[in-house]
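Notes follow the structure.
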Amino acid sequence: VINRARADAFTTAVRLAAGEQVEVPMEELRDYGVGAMILAELGVHDMVLLTNTHHTLVGLDGYGLSIVGERTIDAG
């Protein structure tokens, strides 16, 4: 059950990162907030986003995080 929940959360995160409109339960949004807090605590503030599609992420600045660039993922 736990592994399935993790797989579902990962799939949702990938779909969101790809710019898809996904309905995310509030519990999962809190999980992303925890991840953002961990990155900030580790000293990560400026990030390069690895993606195949352009999209806008909102709410990162509240954690002191920002996307400073994007790089295309080579699917080959």
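Take the conditions modelled with pLDDT under 90 and in a helix (DSSP H, G or I) and apply them to G19. Does it pass?
no
Under 9 Å between Cβ atoms, which residue pairs at least 6 apart in sequence (or on different chains) link something in segment 49-72 that is over 19 Å from M37 (Cβ atoms) with a partner that is surrounded by 11 or more Cβ atoms within 10 Å (Cβ to Cβ) and of a type in the set (K, R)?
Short answer, once both residue conditions are applied: none.
Residue by residue through segment 43-60, note down the ones that are surrounded by 10 or more Cβ atoms within 10 Å (Cβ to Cβ) and not aliphatic (A, V, I, L, M).
Hits for segment 43-60 are H45, D46, T51, N52, T53, H55, G59.
Do we have A40 as over 11 Å from the mean Cα position of the chain (by Cα), free of Cβ contacts under 8 Å to residues at least 40 places away in the same chain, surrounded by 13 or more Cβ atoms within 10 Å (Cβ to Cβ) and part of a helix (DSSP H, G or I) here?
Considered against the rule, which asks whether it is over 11 Å from the mean Cα position of the chain (by Cα), free of Cβ contacts under 8 Å to residues at least 40 places away in the same chain, surrounded by 13 or more Cβ atoms within 10 Å (Cβ to Cβ) and part of a helix (DSSP H, G or I), A40 comes out as yes.
The values are calculated or read from the model by the stated rules, or taken from the named source; none is laboratory data. Worth saying up front: this structure is predicted, and the values here are computed from it rather than measured. As a convention, Cβ positions derive from the backbone with ideal geometry for all residues, glycine included, and neighbour counts pool all protein chains shown.
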